[in-house]
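See below for the structure under consideration.
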Ligand code: TTP
Ligand code: MG
């Protein structure tokens, strides 16, 4: 039996800002882009009571919460806090898989701390994080990796939730499928339309029924709901892609405007960010994504081995044509990297959800 802990900081960027500026502590606040059309990175819990969320536009957030205070982000400060929390993790185990600046999986199966109690280790880690940074974290503890991540959300903020081995079956039965990592809006709607909403509904399906409809992910979903997650923590994650995106100050369907932004802004920026990865690994795929004015997001990719403006513009054009030149809010471009063995990567560039 394995023991996983998933740690996730509470409203991370916002918590750092509240820590450093007490005037922000008791007002609804969010971290935002500087323009009227920028999107929020995150919001504190007071703001979330008004419905304010990550990735929402400043404009939309202000409509929901007129008193919202939006402050610019300070990435170097968040990175510093991230280094501090990773130092805490490494006191308890070497098996650490960071997922982002504020989030990581730990495998504490063989940890000698706290007489081997993962529950107590999680409590100590959260207390140590608070001592080191003044910030709160939430934790999930479970014998199966993906359940630890779901569990860390259950008692947020500043809480933890434990799923013991004997509780796994019941937990999955009543688990809303949308909480399973990988089930985005589109997949959830498709599942819902088939009458599948909870873990128990998937348990009752045949595996091939799901793979026929959802491809490889259908199999993953079926296994997760049987309580099967063979993954351990990956201490050395290999980056699969690099991407950049930009939001327009006004929606536009003018191809020339979109193309100019892609070629003049996005391409040099992607090249700058990815140059080392490209030299080391090589390019497997190019991709373009578009978010339309109605927030529908679509993407298209193709196999190609150099960063080529024409290929990207063609992908963009195909997407625009397929969606009848609806006004565009955001475009992004991305490269998929060859894996280190120089075989083709198996995963799609974008989560189509
Ligand atoms: P999350 O852990 O998803 O969110 P959070 O820590 O702000 O809030 P929660 O308490 O629900 O965990 O993301 C961590 C940080 O990553 C977040 O503080 C800001 C950044 N982020 C973005 O910049 N854009 C996004 O769309 C999301 C989801 C997060
Ligand atoms: Mg978080």
Quick check on the range 213-225. Is at least one of its residues assigned to a loop (DSSP other than H, G, I, E, B) and touching a helix residue (DSSP H, G or I) at 6+ places or on another chain (Cβ under 7 Å)?
no
Can you tell which of 5, 70 is buried (at least 21 other Cβ atoms within 10 Å of the Cβ), touching a residue at least 12 places away in the same chain (Cβ under 8 Å) and more than 12 Å from ligand 2 (Cβ to nearest atom)?
5
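Quick one: which residue in 51, 32 is within 12 Å of ligand 1 (Cβ to nearest atom) and over 30 Å from residue 230 (Cα atoms)?
Result of the check over 51, 32: 32.
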Helices (runs of 4 or more DSSP H) wholly inside the range 41-113 containing at least 3 residues that are touching a helix residue (DSSP H, G or I) at 6+ places or on another chain (Cβ under 7 Å):
75-92
Is one or more of the residues making up the range 152-163 farther than 30 Å from residue 17 by Cα and either at pLDDT below 95 or touching a helix residue (DSSP H, G or I) at 6+ places or on another chain (Cβ under 7 Å) (or both)?
yes
Tally time: how many residues in the range 272-299 are within 24 Å of residue 258 (Cα to Cα) and touching a helix residue (DSSP H, G or I) at 6+ places or on another chain (Cβ under 9 Å)?
8
In the range 114-143, residue farthest from residue 5 (Cα to Cα) [restricted to those that are within 16 Å of ligand 2 (Cβ to nearest atom) and assigned to a helix (DSSP H, G or I)]:
133
Among residues of the range 159-175, those that are outside any helix (DSSP H, G or I) and exposed (fewer than 15 other Cβ atoms within 10 Å of the Cβ), counted
2
For the range 27-52, enumerate the residues that are modelled with pLDDT of 95 or more and away from ligand 2 (no atom under 13 Å from the Cβ).
27, 28, 29, 30, 46, 47, 49, 50, 51, 52
Give the number of residues within the range 309-328 that are touching a strand residue (DSSP E or B) at 6+ places or on another chain (Cβ under 7 Å) and not in a helix (DSSP H, G or I).
4
Just one of the numbered conditions (1) within 11 Å of ligand 1 (Cβ to nearest atom); (2) over 21 Å from residue 99 (Cβ atoms); (3) at pLDDT 95 or above is not true of residue 16; which one?
(2)
Has the range 268-284 got at least one residue that is crowded, with 19+ Cβ neighbours inside 10 Å and not in a helix (DSSP H, G or I)?
yes
Go through the range 121-140 and give me each residue that's within 16 Å of ligand 1 (Cβ to nearest atom), in contact with a helix residue (DSSP H, G or I) (Cβ under 8 Å, 6 or more places away or on another chain) and more than 13 Å from residue 81 (Cβ to Cβ).
125, 138, 139, 140
Within 16 Å of ligand 2 (Cβ to nearest atom), modelled with pLDDT of 95 or more and part of a helix (DSSP H, G or I): which single residue out of 149, 178 fits that description?
149
Scan the range 12-19 and give yes if some residue there is out of contact with any strand residue (DSSP E or B) (no Cβ under 8 Å at 6 or more places or on another chain) and more than 16 Å from ligand 2 (Cβ to nearest atom), otherwise no.
no
I'm told residue 153 meets every condition in (1) buried (at least 21 other Cβ atoms within 10 Å of the Cβ); (2) within 16 Å of ligand 1 (Cβ to nearest atom); (3) within 19 Å of the chain's Cα centre (by Cα) except one. Can you identify the failing condition by its number?
(1)
Subset of the range 157-189 (residues that are over 29 Å from residue 296 (Cα atoms) and in contact (Cβ under 8 Å) with a residue 24 or more places away in the chain)
157, 158, 160, 162, 165, 168, 169, 171, 172, 173, 174
What single numbered condition from (1) within 15 Å of ligand 2 (Cβ to nearest atom); (2) surrounded by 21 or more Cβ atoms within 10 Å (Cβ to Cβ) fails to hold for residue 103?
(2)
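The values are calculated or read from the model by the stated rules, or taken from the named source; none is laboratory data. Note that this is a predicted model, so its numbers are computed, not measured. Cβ: placed from backbone, ideal geometry, glycine included. Neighbour counts: every protein chain shown.
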